[in-house]
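Colleague: Sharing a structure below in structure tokens format, with a few things to ask.
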Amino acid sequence: PICSAGSGLSLSRTSSRYGCTYQLCCCAKLPSMGEEKQTFDEKKAALMVMELRDTFRSGKTKSYEWRVSQLKSLVKMIEEKESEILQALYKDLSKPKLEAFISEVHAVKSASNLALKELKSWMKPEKVKTNMSTYPSSAEILPEPLGVVLVISAWNYPFLLSLDPVVGAIAAGNAVVLKPSEISPATSSTIARLLAEYLDNSTIRVIEGAVPETTALLEQKWDKIFFTGGGRVGRIVMSAAARHLTPVTLELGGKNPVVVDSNVDVEVAARRIVAGKWAANCGQICIGVDYIVTTKKFAPKLIDVLRNKIEEFFGKDPTESSDQSRIVNSFHFRRLANLLDEVSDKIVVGGQRDESRLKIAPTILLDVPENAQIMQEEIFGPLLPIITVENLEECFGIIEAKPKPLSAYLFTNDQRLKKKFVQNVSAGGIAINDTILQVAQPNLPFGGVGESGMGCYHGKFSFDAFTHRKPVLYRIFARDSSVRYPPYTPKKEKIMRALLSGNLLRIILTLLGWSRD
């Protein structure tokens, strides 16, 4: 069980989507990991952070030239080592080559190139207006790197979720420590080896490992912690950060609803739902489709079309398809199998599984009880419940009864319903008539709200996530009015009130002694 004593981390079983077989929890001491020798402890972590902080204080990472050189090196690494990266992703998750390239390799390269293109404008101080209270003066907001930052990544998109935040941290001028997920060991070791080869090791480090290494890292004082994972571990990260008043970005998850109206092009809608559920890492994606809400009358038609699209995309036996990822490990396979076993009588499509190959076919379940475990936790796999209602407006009550999701989706041609959905559904992000593609837009922030996370990134939002916007006011020594200084007289009070009013006519009249105030 999770306990509240102390500031370290310990182990317990969990069904968290980003946890491994074990779960971090707050305890005074960390139990032994058996025969595995701990090679990275708290002392080594402290020494590493001290070295990085010294390098940061030297000003090395703040220069435009350093930032550009590291981003260019990252692009070069991706171009030269693409096949190795794709092989690692296949080894960890059996990701289809094209899916892995688009969603991971190309996504990181695109983020790096965007940062290279826009970096000068992102770094440029922003001039802002001043008012009469500080006249004469000028002011600006200066983007300033936070310092030494920690990025803790997740296993489901292990290349993207490791390096996309790192791109923002580098662009913002920080020293970075990356902790990739041990649940995707091939990708973790590939990232560690390649970053050591291509990037500046005096400012960017990768620490591999599991609970002991993460514990050692969380004991340190950071200037920012960026965590991607489940809510349970997110709470632990936030608790560790709170001891040092360290700001955090938490990219978590939730039960993402898809509401489907009967007036849609059902062929297109079904394709896009399948793409956002089963063609996205076999449902192991934080923004993926978690459950559908539609009307009782429309549900049979939607299920038929979904069944046809699943067969069209993955064949008659989807467990044999090479176009679908596998479940990450045996623990998560059994977790999903347990969810399915509880409501197996509700299966209307799929249900096949092969534990030896960690494969579960795309599975649709109809009218699962609300108190079933599959409706209580984020599924994070290829199981898709469909909840039917008499009136589609009932969807709002269903969504609002659950914690705020990371994403919410609506398929409809009804403009009134679109407007109501956007205005009334609180979610990290919303897409209308599609799924998951909102994260492909760099001008849109990606992040959660409530229990689905805090903070955001992507594009300039990644730069901002690792930046302090420092306000600076400039004044000169001339025209130093005595009105702000004691002793305070009735005349000074009149002038000060006039200045603070911002009314130019009143100020002039007061200075001329013509004001009646």
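The values are calculated or read from the model by the stated rules, or taken from the named source; none is laboratory data. Remember, predicted model here, so these are calculated numbers, not experimental data. Cβ coordinates were reconstructed from backbone atoms using ideal geometry, including for glycine residues, and neighbour counts include every protein chain displayed. For the accessible areas, the whole protein counts, side chains as well, though only heavy atoms, and no ligand, DNA or RNA atoms are used. Shrake-Rupley method; radii C 1.70, N 1.55, O 1.52, S 1.80 Å.
Colleague: Within region 439-509, which trypsin sites (Lys or Arg not before Pro) sit in a loop by DSSP and count at most 10 neighbouring Cβ atoms inside 10 Å? Spell out each step's value before the answer.
Modeller: Values: sites: Lys460, Arg469, Arg475, Arg479, Arg484, Lys491, Lys492, Lys494, Arg497, Arg506; in loops: Arg479.
Answer in residue order: Arg479.
Colleague: Another question about this same structure. Within region 145-161, which residues have the backbone N less than 19 Å from the label spot 7 Å out from Arg243 along Cα→beta-carbon, could you tell me?
Modeller: Inside the label zone: 148-152.
Colleague: Let me ask something else about it. Given a cut-off of under 8 Å on Cα pairs at least six residues apart, what relative contact order in percent is computed for the chain?
Modeller: Details: 1007 pairs, mean separation 86.6, N = 517.
Value for the chain: 17 percent.
Colleague: While we're on this one: In straight Cα distance, which aspartates and glutamates are under 20 Å from Lys109, not counting same-chain residues fewer than 8 positions off?
Modeller: Cα-Cα hits under 20 Å: Glu65, Glu79, Glu80, Glu82, Glu84, Glu99, Glu118, Asp164, Glu197, Asp200, Asp464.
Colleague: Given charges of +1 on the Cβ of Lys and Arg and -1 on the Cβ of Asp and Glu, with all other atoms neutral, how large is the dipole of region 69-111 about its Cα centre, in debye to the nearest 20? Intermediate results must be reported in sequence, preceding the final value.
Modeller: Details: 7 positive and 7 negative charges, 16 e Å.
Value, rounded to 20: 80 debye.
Colleague: If you roll a 1.4 Å probe over the heavy atoms of the protein chains, what accessible area per residue do you get for the chain, in Å²? Could the numbers behind the result be given before it?
Modeller: Values: 23470 Å² over 517 residues.
Solvent-accessible surface per residue comes out at 45 Å².
Colleague: By how many nm would the segment from Arg53 to Arg307 grow when fully extended, if each residue of separation counts as 0.36 nm and the alpha-carbon distance is taken off? Provide the component values of the computation, followed by the final result.
Modeller: Working: separation 254, 0.36 × 254 = 91.44 nm, distance 5.52 nm.
Full extension of this stretch gives 85.9 nm more.
Colleague: Test of the criteria: in region 414-513, which chymotrypsin sites (Phe, Trp or Tyr not before Pro) are in a DSSP loop and have at most 11 other Cβ atoms within 10 angstrom of their Cβ?
Modeller: Numbers: sites: Phe421, Phe446, Tyr457, Phe461, Phe463, Phe466, Tyr474, Phe477, Tyr488; in loops: Phe466, Phe477, Tyr488.
Taking region 414-513 and a limit of 11 other Cβ atoms within 10 Å, the loop chymotrypsin sites (Phe, Trp or Tyr not before Pro) found are Phe477, Tyr488.
Colleague: Evaluate the charge dipole of the chain about its Cα centre and quote only its size in Debye, nearest 20, assuming +1 on the Cβ of each Lys and Arg and -1 on the Cβ of each Asp and Glu.
Modeller: Numbers: 66 positive and 57 negative charges, 516 e Å.
In debye, rounded to 20, the chain gives about 2480.
Colleague: For a quick protection proxy, order the peptides 128-137, 105-114, 44-53 by their average other-Cβ count within 10 Å, most packed first.
Modeller: Highest mean packing first, the order is 105-114, 44-53, 128-137.
Colleague: Could I ask something else about it? Going toward the positive end of the dipole of region 47-126, with +1 on Lys and Arg Cβ and -1 on Asp and Glu Cβ, which of His106, Leu74, Pro96 do you reach last?
Modeller: Leu74
Colleague: So what is the diffusion coefficient of region 98-210 in µm² per second by Stokes-Einstein at 37 °C and 0.692 mPa s, using a Kirkwood Rh over Cα pairs? Could the numbers behind the result be given before it?
Modeller: On the way: Rh = 15.9 Å.
In µm²/s, the coefficient rounds to 206.
Colleague: While we're here: Using a basic spin-label model with each label point 7 Å from the Cα along Cα→Cβ, how many nm lie between Ala478 and Ser63?
Modeller: It works out to 3.7 nm between the two label points.
Colleague: What pairs in Lys301/Lys402; Lys179/Lys221; Lys224/Lys402; Lys316/Lys359; Lys124/Lys460 have C-alpha atoms more than 22 Å from each other? Working shown, then result.
Modeller: On the way: Lys301/Lys402 27 Å; Lys179/Lys221 15 Å; Lys224/Lys402 29 Å; Lys316/Lys359 14 Å; Lys124/Lys460 13 Å.
Listed pairs above 22 Å: Lys301/Lys402; Lys224/Lys402.
Colleague: Another one. How high is the relative contact order of region 276-424, given as a whole-number percent (alpha carbon pairs under 8 Å, six or more residues apart)?
Modeller: Numbers: 194 pairs, mean separation 44.9, N = 149.
That works out to 30 percent.
Colleague: Now a separate question. If R0 is 56 Å, what FRET efficiency do you get for Ser356 and Asp414 from their C-beta distance, rounded to 0.05?
Modeller: On the way: r = 47 Å, r/R0 = 0.83.
After rounding, the FRET efficiency stands at 0.75.
Colleague: Give the dimensionless ratio obtained when the Cα radius of gyration of region 415-517 is divided by 2.2 N^0.38 Å. Before the final figure, lay out the partial values.
Modeller: Details: Rg = 25.6 Å, N = 103, 2.2 N^0.38 = 12.8 Å.
It is 2.00.
Colleague: By how many nm would the segment from Glu144 to Glu393 lengthen if fully extended, with 0.36 nm per residue of separation less the alpha-carbon distance? Show your work: numbers first, answer last.
Modeller: Values: separation 249, 0.36 × 249 = 89.64 nm, distance 4.65 nm.
Stretched out fully, the Glu144 to Glu393 stretch lengthens by 85.0 nm.
Colleague: What lysines does Lys404 reach when the alpha-carbon gap must be under 22 Å and sequence neighbours fewer than 8 apart in one chain are set aside?
Modeller: Partners within reach: Lys255, Lys277, Lys418, Lys419, Lys420.
Colleague: Check cross-link reach from Lys346 to the aspartates and glutamates: straight Cα distance under 17 Å, and skip same-chain residues fewer than eight apart.
Modeller: Here the aspartates and glutamates satisfying the reach criterion relative to Lys346 are Asp290, Asp304, Asp367, Glu370.
Colleague: Express in nm, to one decimal, how much length is gained between Glu82 and Asp265 on full extension, taking 0.36 nm for each residue of separation and deducting their alpha carbon distance.
Modeller: Values: separation 183, 0.36 × 183 = 65.88 nm, distance 3.78 nm.
Length gained between Glu82 and Asp265: 62.1 nm.
Colleague: Given Cβ point charges of +1 (Lys, Arg) and -1 (Asp, Glu) and nothing else, what value in debye, to the nearest 20, does the dipole of region 347-426 about its Cα centre take?
Modeller: On the way: 9 positive and 11 negative charges, 78 e Å.
Dipole of region 347-426, to the nearest 20 debye: 380 debye.
Colleague: Ignoring ligands, DNA and RNA, what percent of the accessible area of the chain is carbon or sulfur (1.4 Å)? Working shown, then result.
Modeller: Values: 12700 of 23470 Å².
The value for the chain is 54 percent carbon and sulfur by accessible area.
Colleague: In bins 10 Å wide, starting from 0, what share of all Cα pairs of region 153-252 does each bin hold, as a percent?
Modeller: Result, from short to long distances: 15, 52, 31, 2 percent.
Colleague: From the helices alone, meaning DSSP H stretches of at least four residues, give me the mean residue ellipticity at 222 nm for the chain, per-run term -39500 (n - 2.57), in deg cm²/dmol to the nearest 500.
Modeller: Working: 17 runs with 196 residues, N = 517.
Roughly -11500 deg cm²/dmol at 222 nm, from the helical runs in the chain.
Colleague: In whole percent, what relative contact order does region 124-180 give with Cα contacts below 8 Å and a gap of six or more residues?
Modeller: Reported relative contact order: 34 percent.
Colleague: Which is farthest toward the positive dipole end of the chain among Ile374, Ala275, Ala240, measuring Cα position about the Cα centre, with Cβ charges +1 (Lys, Arg) and -1 (Asp, Glu)?
Modeller: Ala240
Colleague: Pop a pseudo-label 7 angstrom from the Cα along the beta-carbon direction at both Glu342 and Leu512 and give the gap in nm to one decimal.
Modeller: Between Glu342 and Leu512, the simple spin-label model gives 7.9 nm.
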